[in-house]
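Take a look at the structure below.
Nothing in this text is a laboratory measurement; each read-out follows from the coordinates by a stated rule. In this text, all values refer to a predicted model and were calculated from it rather than measured experimentally. Backbone-built Cβ (ideal geometry, glycine too); neighbour counts: all protein chains shown.
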Amino acid sequence: MSPTSGKRVETIDVFRGLAILMVVLYHFTARLPAEAMNVAGMPAPPVFFGWAGVYFFFAISGYCIYLTLERSATISLFLARRFSRLYPAFLAAALFLFAYGLIAPVPSIPAADFHERPSTLVDLVLNLLVVGDGRWVNGSFWSIAVEIKFYIGLGLLALLVPDRQKLATLFAWLSLAAAPFWLLAMGYALGGGSHLPQKLIGLATIAPYLPFFAIGILARTHRPGSPLGALLLALCFVEGAAVIFMTALDGSPDVPAAALTTLITMGLLGALVAFGAGVPMPHVPGLSRTVAALGFVSFSWYLVHENLGASFLFNLNRVMPNTLAVLLTVGATLLIAWVFSQLVEWRFRKPFEAFALKLLGAVAARFRRAGPVRA
């Protein structure tokens, strides 16, 4: 969005389009074992680095959500706007995919930690409360919990630090302080130790994702020539690179692939920072508009694509080459996402925003009536 006009900015949608393409192609070509997905013959080229698109999404969120914070007169309005942007579509997607799983086969591949068992009503309710430890109705939903924790944390910090420039600096320092604990736990796991400490730190603090949110925020607030801003950006980039590299190694001991994934992610983050600093991004007639159109429906596509795509591919791979099956699945899930965005994502934002404002107002009024809390 433009900070002055409120109109969509094509470059931001291009970034979103690139991120969602990475994630979708990863899930459709590299996430699941070919033999478990009925692939016969030559499989489509695996987009092994595509999972890092989620981390790029986090940086884009940091940039755009800070714009929302700057334009919101109160923290309540900020939280209501973020709730209305995220939750209606998430709610509808959870219900839709839960129902889909009851009537259509979604492959179960425990060896790949995918859909180990059918989702239950308990899973659905916990998901709608944004609680989950892997028992998500749809595997991609884990990042929604991360986003909501980020919104709440940033909102609480904004109450304590009204100055937006100081808030960005504080958030960056907190991110830099939190992530090393996760990196140490991940190093312990890669060395043969338990993954439990790393998982608990990630679940409780979203530590591995904070540097990416911080990069997005700094891309919005950093001014060229600011020594402190440049230092914080550099440190967040180093930490982010370490997170991507170690996460890639955790999935596969292929060091060159992990290095390439890290370089691609850092390049995308660098483009976002350059855009925030006012550097014009290249515009390719036709292509830029097409990728931006994907970015426009990226949230809906992200929400619905994984389970649907796995189900489609599981069946299509039986009757056609995998590359054709992937192309058809990309087109089918994109069409469903476009319909979903028109019916749900953009239709219910204002009613949900009004509801959230009333709810937050009632909570605030209750606290005011309770009086000051004594230590």
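Miscellaneous remarks
- The string of couplings for segment 245-254 from the Karplus curve (6.51, -1.76, 1.60, θ = phi - 60°) is 4, 6, 5, 5, 5, 5, x, 7, x, 6 Hz, one whole number per residue in order, with x for Gly and Pro.
- Computed from point charges on the beta carbon alone (+1 for Lys and Arg, -1 for Asp and Glu), the dipole magnitude for segment 1-156 about its Cα centre is near 480 Debye.
- Magnitude of the charge dipole, the chain, Cβ model with Lys/Arg +1 and Asp/Glu -1, debye to 20: 1520 debye
- Helical mean residue ellipticity (222 nm; -39500 (n - 2.57) per DSSP H run of 4+; nearest 500) of the chain: -23500 deg cm²/dmol
- Positive-end extreme of charge dipole, the chain - chosen from 348, 112, 296 (charges on Cβ): 348
- With neighbours defined as other Cβ atoms within 10 Å of a residue's Cβ, the residues 186, 246, 320 order from fewest to most as 320, 246, 186.
- Listed residues 334, 74, 45: farthest to the positive end of the dipole of the chain (Cβ charges): 74
- Rounded if a/c under 1.5, otherwise prolate or oblate - segment 9-57, Cα gyration tensor axes: prolate
- Relative contact order (percent, whole number), segment 10-363, Cα cutoff 8 Å, 6+ residue spacing: 32 percent
- Segment 277-355 shape via C-alpha gyration tensor axes, a/c threshold 1.5: oblate
- Anisotropy class of segment 10-123 from Cα gyration tensor, a/c 1.5 cut: oblate
- Distances between placed amide hydrogens fall under 5 Å for residue 114 paired with 109, all partners being 5 or more residues away or on another chain.
- Separation of segment 59-119 and segment 224-278, taken as the distance between their Cα centroids, equals 25 angstrom.
- Amide H contacts of residue 222 (H built 1.01 Å from N, in plane; Pro and chain starts excluded): no residue 5 or more places away or on another chain comes under 5 Å.
- Highest-first arrangement of 206-215, 283-292, 148-157, where packing means the average Cβ count within 10 Å: 206-215, 148-157, 283-292
- Amide proton proximity set for residue 47, modelled H, under 5 Å, gap of 5+: 29, 30
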